[in-house]
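*Asks:* Have a look at this one.
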């Protein structure tokens, strides 16, 4: 993802000085999109997918929401701050709900343990980005 | 979208009795996804796209967020209510921000007038769905 | 989705006279996105989701691809014809693979029967749109 | 994205030995999704966005298609090979069309130069992955 960071420096009119937080969030949300996609697939392939329905649903929801967050934050130009704030709230909520569920079976499922880490990391990156939004 | 409605009736374990609100929201959010996509494209093709940058950005953001809302709501099984609430808030915020911008030039741009209608309709459908979520 | 159709008539520079086929495809691909999302969710909630893994995966893949097709076709301005052709091929392939799988258990699962119909309808709409692309 | 790679090793039933190519493609397609999103935004903010309409459209299309490719490939379980092949073809076509357009003004626009690199890299990763699909 280094090319994204480089491109942030060449954007003609970045709306803020939040480039570092923004790039960190694009990276975290992209990673979380794909750890959740892989986790849903691994849970589906488990010997007892019926026991993992809740995890699969949260994985799919979280992947969708993180994917949009990364796209919105990858646009450094001027954006509606209220819209961004609401999206960051939704993303952090999705990541935390998914992390909690994955953590509940992290002892026995390594893919869930790793996915929960990615979710926590993305939720924190959402919070850091929120701190850079203007009133 | 009638097939979506029919399928809701054949889902083996719907989590709630919110089928009508859910279907109305899937329809409204799908429509808004594509009116916003068309509006961004029409603004880009306008003789002066530089004057429409804000509208194009809000169209693109709103299309992304509505698309995810429709996907999440199209899953009638049990879902995390806090996550849904946050997504509905983000979606309503995106729709209202986009509607406001589109309305500001609805007098001269018919595609913006129609797009604003779709955005308002989707925001209202988000609110109706929120009323059906459990605490 | 009527607002999308209306907006097509107000686009300042449509690239072709394929408005009818384009609108039909946006509608079919949007419907298929959400029937597939609902079908995956219904299969996951089935008493034996392990028996439906293949159907769930194809539903998820088909929903993703149809969603992008609808977004691309909802932009009436000039687009790369080779790119569109490849996307329409991918979409028709996804829809037909998903339809075939859903049809294999349509006798016992009504949601799969309906979803297969939506997939076949979207695949045909892709073919009709391909016929309107320029060499 | 290292967590995605780790999770591939813990998937209970990977469908093939294409883990290295798959992970490389998830990484390349994710990067390309976001370089294209940033490039569209930078072009929109350019002093003359009307001159960059084609680039903006290709950026948006390529971002959508790459995003789906990464999601599909992030599922290591058994998948329909014909569907994957068609999606990889569409993705490579989108990346090459976008790269060509970006390269045409890479001399004066550094963000386009970098974006074209990401597009070429992703197209090559699609080709490498195609070589691992079974007949």
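Only the coordinates and a few stated rules stand behind these numbers; no lab work does. Please read these numbers as outputs of a predicted model, since none were measured by experiment. Positions of Cβ are backbone-derived with ideal geometry, glycine not excepted, and every protein chain shown enters the neighbour counts.
*Asks:* Gaussian network model of chain C, Cα springs within a sub-10 Å range: biggest mean-square fluctuation belongs to which of C:52, C:83, C:60?
*Replies:* Of C:52, C:83, C:60, the Gaussian network model singles out C:83 as fluctuating most.
*Asks:* Right, another one. Placing a label point 7 Å from Cα toward Cβ, how far apart in nm is residue B:131 from its equivalents in the other copies, listed shortest first to one decimal?
*Replies:* 4.0, 4.6, 6.0
*Asks:* Taking other Cβ within 10 Å of each residue's Cβ, how do D:109, D:129 sort, fewest first? If you can, show how the numbers build up before the last one.
*Replies:* Values: D:109 20, D:129 25.
Sorted ascending by nearby Cβ count, the order is D:109, D:129.
*Asks:* For chain A, modelled as a Gaussian network with Cα springs under 10 Å, which listed residue fluctuates most, A:124, A:107, A:89?
*Replies:* Most flexible of the set in this elastic network: A:107.
*Asks:* Using alpha-carbon pairs under 8 Å, 6+ residues apart, how would you state the relative contact order of the range A:75-135 in percent?
*Replies:* Details: 45 pairs, mean separation 25.5, N = 61.
Reported relative contact order: 42 percent.
*Asks:* Hey, another quick one. For the range D:79-135 and the range A:29-94, what is the separation of their Cα centres, given in Å?
*Replies:* 24 Å
*Asks:* Would you please give the FRET efficiency between residue B:48 and residue C:110, computed as 1/(1 + (r/R0)^6) with r the Cβ-Cβ distance and R0 = 56 Å, to the nearest 0.05? Intermediate results must be reported in sequence, preceding the final value.
*Replies:* Values: r = 52 Å, r/R0 = 0.93.
The pair residue B:48/residue C:110 has a calculated efficiency of 0.60.
*Asks:* Same structure again: Nearest to the axis that maps chain A onto chain D: list the chain A residue whose Cβ wins, with the distance in whole angstrom.
*Replies:* A:30, 2
*Asks:* Residues of the range B:96-135 with the amide nitrogen closer than 19 Å to a label point 7 Å from the Cα of residue A:81, along Cα-to-Cβ, please.
*Replies:* B:96-98, B:100-101
*Asks:* A further question follows. Apply the a/c threshold of 1.5 to the C-alpha gyration tensor of the protein assembly as shown and tell me whether it is rounded, prolate or oblate.
*Replies:* On the way: a/c = 1.27, a/b = 1.20, b/c = 1.06.
Cα axes put the protein assembly as shown in the rounded bin.
*Asks:* Then there is this: Measuring from a point 7 Å out along Cα→Cβ, what nm distances, shortest first, does residue C:19 have to its partners in the other copies?
*Replies:* 3.8, 4.5, 5.4
*Asks:* Also, I was wondering about something else. For a label point 7 angstrom out from the Cα of residue A:100 toward its Cβ, which stretches of the range B:89-121 have the backbone nitrogen within less than 14 Å?
*Replies:* The answer is none, because no backbone nitrogen lies closer than 14 Å to the label point.
*Asks:* Every other copy gets compared here: list the nm distances from the residue C:107 label point (7 Å along Cα to Cβ) to its counterparts, shortest first, one decimal.
*Replies:* Shortest to longest, the spacings are 4.5, 6.6, 6.8 nm.
*Asks:* With a/c under 1.5 counting as rounded, go ahead and sort the range B:83-135 into rounded, prolate or oblate using the C-alpha gyration tensor (a ≥ b ≥ c being the square roots of the eigenvalues; past the cut-off, prolate if a/b is larger than b/c, else oblate). Spell out each step's value before the answer.
*Replies:* On the way: a/c = 4.62, a/b = 2.85, b/c = 1.62.
Prolate shape, in that a/c is at least 1.5 and a/b is the bigger ratio.
*Asks:* With axes computed from alpha carbons, what is the tilt in degrees of helix C:53-73 against the longest principal axis of chain C, rounded to the nearest 10 within 0 to 90?
*Replies:* 10 degrees
*Asks:* If you don't mind, there's one more thing I want to ask. Please arrange B:120, B:57 by how many other C-beta atoms lie within 10 Å of their C-beta, fewest to most. Display every interim value, and only then the final one.
*Replies:* Working: B:120 19, B:57 26.
Going from least to most buried by this count: B:120, B:57.
*Asks:* Given bins 10 angstrom wide, list per bin the percent of all Cα-Cα distances in chain D, short to long.
*Replies:* Pair shares across the bins are 14, 43, 27, 13, 4, 0.
*Asks:* By counting other Cβ atoms within 10 Å of each Cβ, how are B:122, B:112 ranked from fewest to most?
*Replies:* Numbers: B:122 33, B:112 27.
Placing the least packed residue first, the sequence is B:112, B:122.
*Asks:* Measure nothing but the geometry: give the 0 to 90° angle between the long axis through the Cα atoms of B:110-130 and the longest principal axis through the Cα atoms of chain B, rounded to 10°.
*Replies:* Its long axis makes an angle of about 20 degrees.
*Asks:* Relative contact order, percent, of the range A:17-130 when contacts are C-alpha pairs under 8 Å separated by at least 6 residues?
*Replies:* Details: 142 pairs, mean separation 40.7, N = 114.
About 36 percent, as a whole number.
*Asks:* For the range D:36-87, what relative contact order do you get, as a whole percent, if you take Cα pairs closer than 8 Å and at least 6 residues apart? List each step's numbers first, then the result.
*Replies:* Working: 23 pairs, mean separation 17.4, N = 52.
About 33 percent, as a whole number.
*Asks:* For the Cα atoms of chain C, what angle does the longest principal axis make with the long axis of helix C:81-103, in degrees from 0 to 90, nearest 10?
*Replies:* The two axes meet at around 20 degrees.
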